[in-house]
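Quick one: structure below, then a few questions.
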Amino acid sequence: MHLFRCESNVWTALIAISVLLMAGCAKTIIEPSPTGSPREKATATQIMPTPQPPPPKTLIICLGQEPDSLYLYGATTRETDTVLQALYDGPFDLLDYQYQPVILERIPSLENGDAQLNPITVVEDDIYINPDSQLPENLIRGKPYLPSGCESPECIETYKGGEVLMDQLEVVFKILPGITWSDGEPLTASDSVFSFMLDSNKDTPTTKYLSDRTDEYQALDDLTVKWKGIPGFLDPDYGSNFWSPLPMHQLADYSPADLLTAEESSQSPLGWGPYILDTWEAGSQILLKKNENYFRSDEGLPNFDVLIFRFPGGSMTSRVEQLLTGECDIIDESAIGYEQLGALVDLEQQGKIILDWTPGALVERIDFNLDPAPDAGVISLFGDVRTRQAIAGCINRQRLVDELLFGLGTVPVSYLPEEYPFHSDMPDTIHYNVAAAEQLLDEVGWVYGDDEDESLRESRGVRGLRSGVQFEFNYLSLDVDLQADVAEYLEEDLAQCGIKLVSKAVVPEEILAPWPEGEVFGRRFEVVGWSWPVYASPPCEMFASGEIPNASKRYGINASGFSDSTYDDACRRIQMGLPDRAAYRQGIAATEEILAAQLPAIPLFQRPRLAAHAPGICGLEIDPTAFSVLWNIEVLNGGEDCALLE
């Protein structure tokens, strides 16, 4: 392990110097002179070597690949997110699906008074949020709007002209005093406003989701920023609408386009976090040193003097070997492939490594196409909810976790992870029960043929289908190892119920292509297997009627075509509401209950978030929603210091 490390040539030189010094440390005797004068003895003198400082305490983290850039608004990857944890600390952390302040005094809320809903006058052509489309639009006659005090679909009104009152969300963020950039310059509210302006610029390749919904973002003083949303935008994530600061004193002379490639922004960015970038050896490593201006340095943080991010490349097997030989202290999640989970579990059981993990925010699921596009040439086999329930009953989800993920995962009960803070305490309605599933299939009209050797069910009275259609469907998934193995297991499980699954692996571009080209979002598929993340706000729009992809909604995300008015109302309560309100939580519970009953999709398992490390490393706290598994990199420790924490 490379917990306390110095370069070998320096260490050799220190040993050589010590040997030479010790060789000269003997008593000096002056012999009698030729004249016979009395013997003179010199006083014995002990020469001690000059004390040398201890070698720097070093931590090596191995990444999956080399980051392309470290610019906050550049092309980010998981590797980029991990390195940025060392350069920046915050401005907030997303832990256990909730925001936690880091360089802010607190997360604003309606309860603590840092957030307010204020009525504001809106007139024709003003920009507002259309509650139906959830998009910024100009207010014109005939469009729906949320009048002041309205936070549910029941009170939506139609604009008829003139002045109307809508609510505007206003949020104040207060930066902790005394925080400086790593070059010693104060970090101010103007740095956050500068970052907002860069993010909003057309030459910066970001989504513009939040900036397009922002009416005002300004610095009130050196440490205070105020955000105002456009009228009607009741953002559930308002407590995080603070732009991560960028050093205006260093970058103000660059254009937004130039910052994408400038060395100061992409290769050696200034931060306020625990480490400062020292050298970047392309193709090899990034070396960082302790930031002496870190605002938590009085706590003795960070614990390591030197931090090295290596990108060893090669196979996953070689990365594991480097962990065993001490060339890596930690293997980041970006460098861990599904194909090596079994080997890592074995090594942990042998006591050679430690594998830290937690159920992640990524939920693997299968979606049924309930409403194929008119010209798709696809007939939905899943219109009857009992058919979907039967398929769910045929799938042994726990076996997927135990055998494919080696126990490193959990089976969710809804589209939200069980750890989600507003998750309703509902029972799991999906049970692996082949006998009950086959009974449901018989009831729907999916029966075995007259041939005693017939192993595939066919339609006999299935609503909307002619008789004799065999129960066989195409299953789309990504062309990756885990997805391929999931498809194989599903094929085995469904075969025992008389259903044939034909697997088809595709590249991500095919899965994600929008209407009408995409096979999935073009609603030309039968069943698709994929993963969807859940963060602070529930992604209920995945099954909202208004998100069904079509000619007028090219980027709709409800590929299943599921449509239920009660569900839509519940989802809009979430989208229009605020987490501080009871209606918001009631909306979440309703969406979970409806999806559990209707099953337009079957949640299979939560993927794990994990990191592998040497036994001498401590302090990792893997979180399902953190920006990186190394989100608390400043407190990581090693060697004897870990024993002190036990």
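Report the dimensions of segment 71-197 along its three principal axes from the alpha-carbon atoms, largest first, rounded to Å.
Principal extents (largest minus smallest coordinate, Cα): 56, 33, 30 Å.
Compute the Kirkwood hydrodynamic radius of segment 325-478, taking the inverse of the mean of 1/r over all pairs of distinct Cα atoms, and give it in Å to one decimal.
Working: mean 1/r = 0.0521 Å⁻¹.
For segment 325-478, inverting the mean 1/r across all distinct Cα pairs yields 19.2 Å.
In segment 423-554, what percent of the accessible surface is made up of carbon and sulfur (1.4 Å probe, ligands and nucleic acids excluded)?
Exposed carbon and sulfur together represent 47 percent of the surface.
When only the heavy atoms of the protein chains count and the probe is 1.4 Å, how do His613, His431 rank by accessible area, highest first?
The ordering from most to least exposed comes out as His431, His613.
Here's something else I'd like to know. Using the Cα centre of segment 286-373 as origin and beta-carbon charges of +1 (Lys, Arg) and -1 (Asp, Glu), tell me which of Ser315, Gly326, Thr358 is placed farthest towards the positive end of the dipole.
My answer, from the dipole projection, is Gly326.
Where does the charge balance sit around Val447 when Lys and Arg score +1, Asp and Glu -1, over other residues with C-beta under 11 Å from its C-beta?
-4
So what is the 222 nm mean residue ellipticity for the chain from helices alone, if each DSSP H run of at least 4 adds -39500 (n - 2.57) and you divide by all residues, rounding to the nearest 500 deg cm²/dmol?
-6500 deg cm²/dmol
Further question: Considering amide H positions built from the backbone, and no H for Pro or chain starts, which residues 5 or more places from Leu95, or on another chain, come under 5 Å of its amide H?
Result for Leu95 returns Gln100.
Also, quick follow-up: From Cα pairs below 8 angstrom and at least 6 apart in sequence, can you work out the relative contact order of the chain, rounded to a whole percent?
Worked out over the chain, it gives 17 percent.
Asp428 accessible area, nearest 10 Å², 1.4 Å probe?
Near enough 50 Å² of accessible area.
With Cβ to Cβ distances under 10 Å as the rule, what net charge do the other residues near Gln470 carry (K, R +1; D, E -1)?
Net charge around Gln470: -1.
Which GluC sites (Glu not before Pro) does segment 398-489 hold that lie in a coil by DSSP with at most 10 other beta carbons within 10 Å?
Taking segment 398-489 and a limit of 10 other Cβ atoms within 10 Å, the loop GluC sites (Glu not before Pro) found are Glu452.
(i) 49, 25, 23; (ii) 56, 36, 19; (iii) 52, 33, 29: which one is semi-axes √(5λ) of the Cα gyration tensor in Å as calculated from this entry?
Looking at semi-axes √(5λ) of the Cα gyration tensor in Å for this model, the match is (ii).
The values are calculated or read from the model by the stated rules, or taken from the named source; none is laboratory data. Computed from a predicted model, the values in this text were never measured in an experiment. Ideal geometry is used to build each Cβ from the backbone, glycine not excepted, and the neighbour counts take in all protein chains shown. Ligands, DNA and RNA are stripped out before the accessible areas are found, and what is left, the full protein with its side chains, is counted by its heavy atoms. Shrake-Rupley method; radii C 1.70, N 1.55, O 1.52, S 1.80 Å.
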